[in-house]
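Below: one structure, written as structure tokens.
The values are calculated or read from the model by the stated rules, or taken from the named source; none is laboratory data. Since the model is a prediction, treat every value here as computed from it, not as a measurement. Every residue, glycine among them, receives a Cβ derived from its backbone with ideal geometry; neighbour counts consider all protein chains shown.
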Amino acid sequence: MHCFAKYGTRLEYHSVDKTPRAYKTFKVYVDQVITPDDSCRKLPGESECFCCRNQDIALLHLTEDLEFDEKVGKICLSNDLEEKEETGRVVIGWGVDPMKNATTNILQEVVVPIQDSEEFCGNNTHEKEICAGGLMKGTGKGDSGGPLMMIKNNKWFLHGITSRGDYNHTENGMIKDRASYTDVTKWCSFIEEKTGVACLKNEKNYFENEQKSNGSKFSGIFFGLIFLFFFKFDFLNV
């Protein structure tokens, strides 16, 4: 995403503190970062990071396969997901809670409404991005790289990736959040070119032709259940 350094990535479920965890965790390493433009990458030792806002996406190749089970698994990709639906979109993360101004050790989840880009986010959301958020509904600093997900035909789909945003306090002490998310449906050709994994137009038979596998080294296409902790989370204001 916006900045990279060559560190490990840890897969967590539920808690990230040092107390005994309710579920096992994994730590794997990345040996290749694939971006649409190399200028979007921050390499070790660089003090600055350069990235076009409308290219805030990357694929990560891991040094070993991931172990999929009932808690860690794949998420579907489609190039045909409507932005405006009554169900909204689900975002998750361990980022800063603006009401408490502190991060959390427990994975948080919220449903965010899709908004009109020009009216709600102004001219800061590009054609390959999704505008979403609302009153007490949104992401915060540290949530970058996390998924914007939806359920369709009883399957989870990755619609977007948390990119940047901001929030304002209302007069009654509540938070109005607005954020831009990378629209994954607009990057299907990039994903297929680099990984061989295609986004299907008809997700009904998504798994019928899928090769049976216990894992994959391309974590970049499984953002929905995988959080990438080596990012430098410098949240960019909208």
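Here are the numbers for this structure:
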item	result
Flag if residue 135 is in contact with a Ser or Thr (Cβ under 8 Å, 6 or more places away or on another chain) and farther than 19 Å from residue 59 by Cα	yes
Residue in the stretch 104-118 that is nearest to residue 94 (Cα to Cα), counting only those that are buried (at least 19 other Cβ atoms within 10 Å of the Cβ) and of a type in the set (Val, Ile, Thr)	112
Boolean, residue 151 is in contact with a Ser or Thr (Cβ under 9 Å, 6 or more places away or on another chain) and surrounded by fewer than 24 Cβ atoms within 10 Å (Cβ to Cβ)	yes
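Listed here are the residues, each with its yes/no results for (1) more than 20 Å from residue 180 (Cβ to Cβ); (2) among the basic types (Lys, Arg); (3) modelled with pLDDT of 70 or more.
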site: 30; (1), (2), (3): yes, no, yes
site: 46; (1), (2), (3): yes, no, no
site: 53; (1), (2), (3): no, yes, no
site: 58; (1), (2), (3): no, no, yes
site: 70; (1), (2), (3): yes, no, yes
site: 73; (1), (2), (3): yes, no, yes
site: 83; (1), (2), (3): no, no, no
